[in-house]
Amino acid sequence: MIPCVHGGENVTDVRKVYITREVADELNLTPTYLIKLAKKLKLSESEMREAGNRNYLFSEEAVEKLKNRNEYK
């Protein structure tokens, strides 16, 4: 039996969700600085959420905002 999503819930493609290390490497930042920067930009819960001790999940939209962070100051 295949599980189904009911009620019109939004489903995110997991290939578009990134962990702290992946984003930090892509932006050439330390993971600690990345987290501080993301909190400073006040990313929403749909863009960034905690996934364990000092590890976060970032949406594709959050990564784009971080790449273009000078526009969001």
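Observations, loosely collected:
- In this rough spin-label picture, where each label sits 7 Å from Cα along the Cβ direction, the residue 29-residue 64 distance is 1.7 nm.
- Total formal charge among the other residues, if their Cβ is under 11 angstrom from that of residue 47, Lys/Arg +1 and Asp/Glu -1: -1
- For q = 0.14, 0.19, 0.30, 0.33 Å⁻¹, Debye-computed log10 I/I(0) when each Cα of the stretch 31-73 counts as one equal scatterer: -0.27, -0.50, -1.21, -1.39
- Shape category assigned to the stretch 8-48 from the gyration tensor of Cα positions, a/c cut at 1.5: oblate
- Listed peptides 23-31, 55-63, 11-19 by packing density, highest first (mean Cβ within 10 Å): 55-63, 23-31, 11-19
- Label point distance in nm, residue 37-residue 21, each placed 7 Å from Cα along Cα→Cβ: 1.9
- Those aspartates and glutamates that a straight Cα-Cα span of less than 20 Å connects to residue 39, excepting residues fewer than 8 apart in one chain: 22, 25, 26, 47, 50, 60, 61, 64, 71
- Each Lys and Arg Cβ is given +1 and each Asp and Glu Cβ -1; about its Cα centre, the stretch 18-73 then shows a dipole of about 380 debye.
- Paramagnetic reach from residue 14 in the stretch 24-67 [backbone N under 19 Å; point 7 Å along Cα→Cβ]: 47-53, 55-61
Readers should treat all values here as calculations from the given coordinates under stated rules, not as data from a laboratory. The model shown is predicted, which means the values in this text are computed figures rather than measured ones. When we count neighbours, we look across all protein chains shown, and the Cβ atoms used for this are built from the backbone with ideal geometry, even at glycine.
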